[in-house]
Amino acid sequence: MKYIIGHFSGMLPYMALICPFHILVRLIVLKLRKVKFNRYHEIALLLFVSFIAGLASQTLLSEVTFGADGIVIHGGNHYTALMPFRVVCYTWNDLVVNHSAKSLLIDVLGNIVMFMPFGFFVPLLWRVSGKTTAAVGFLVSLSIELTQLFLPRWTDIDDLILNTSGTLLGLLLYRLMHKRCEAFVEKYKLT
């Protein structure tokens, strides 16, 4: 649990930093385009944009810590894994042999849950198909993995598979919500 809290707390500063910039830019864009202000859409968009900033902090930036030594940027080693479902085998071994759920929580569930917002927010904010939503999640994940090829980070085909699965689960959640509360969900769309 501390690993999940650690990742989430690492996202928060970046999420908070992006908010004032996003609000300023959106106010300018809305004024220039003379678009009617939709508070539901703007709040959801702010949440989504801040989430993306937090996601970028965890996937593209080196770990930064603040402490007695000042600001420390931690490097890492690059690793590329192109064998599909390697993480599933590793997770199974970690669970059965080591009696640890760390890789299940971080490597599997973490990669799925981190991309559920793409499946939920993309169709919530814009009128797009399920195929387009899945493509957005896949392409964002692919972009992250390709960028990580040039960073001291891990590049893993399983992340792409799990992230896309998370997008599809987020889309399922959106569709269930839309089915049950269509009038409420429609408030988030731009007219």
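The values are calculated or read from the model by the stated rules, or taken from the named source; none is laboratory data. The shown structure was predicted, so the numbers you read here are calculated from the model rather than taken from an experiment. Glycine also receives a Cβ, built like all others from the backbone with ideal geometry; neighbour counts cover every protein chain displayed. For accessibility, only protein heavy atoms count, side chains too; no ligands or nucleic acids. Shrake-Rupley method; radii C 1.70, N 1.55, O 1.52, S 1.80 Å.
Worth pointing out:
- Checking each residue in region 167-191 for being of a type in the set (K, R) and open to solvent by 50 Å² or more (accessible area, probe 1.4 Å) picks out R175, K179, R180, K187.
- Only listed residue being closer than 21 Å to A56 by Cα and at pLDDT 90 or above, chosen from V128, V122, V108: V122
- Leading residue by the ranking (surrounded by the fewest Cβ atoms within 10 Å (Cβ to Cβ)) among those in region 104-144 that are more than 12 Å from L162 (Cβ to Cβ) and among the polar types (S, T, N, Q): S129
- Among the residues of region 156-191, those that are more than 30 Å from M83 (Cβ to Cβ) and of a type in the set (V, I, T) comprise V185, T191.
- Complete set of residues in region 42-83 that are open to solvent by 70 Å² or more (accessible area, probe 1.4 Å) and at pLDDT 75 or above: I43, L47, L61, L82, M83
- Residues (in a helix (DSSP H, G or I), more than 8 Å from L171 (Cα to Cα) and not basic (K, R)) located in region 119-131: F121, V122, L124, L125
- Y174 closer than 20 Å to L47 by Cα, part of a helix (DSSP H, G or I) and in contact with a helix residue (DSSP H, G or I) (Cβ under 9 Å, 6 or more places away or on another chain): yes
- The residues of region 129-171 that are touching a residue at least 24 places away in the same chain (Cβ under 8 Å), of a type in the set (G, A, S) and either in contact with a Cys (Cβ under 7 Å, 6 or more places away or on another chain) or more than 22 Å from Y40 (Cα to Cα) (or both), listed by number, are A134, G137, S141, S165, G166.
- The set of residues in region 145-159 that are open to solvent by 50 Å² or more (accessible area, probe 1.4 Å) and within 16 Å of M114 (Cβ to Cβ) comprises T147, R153, W154.
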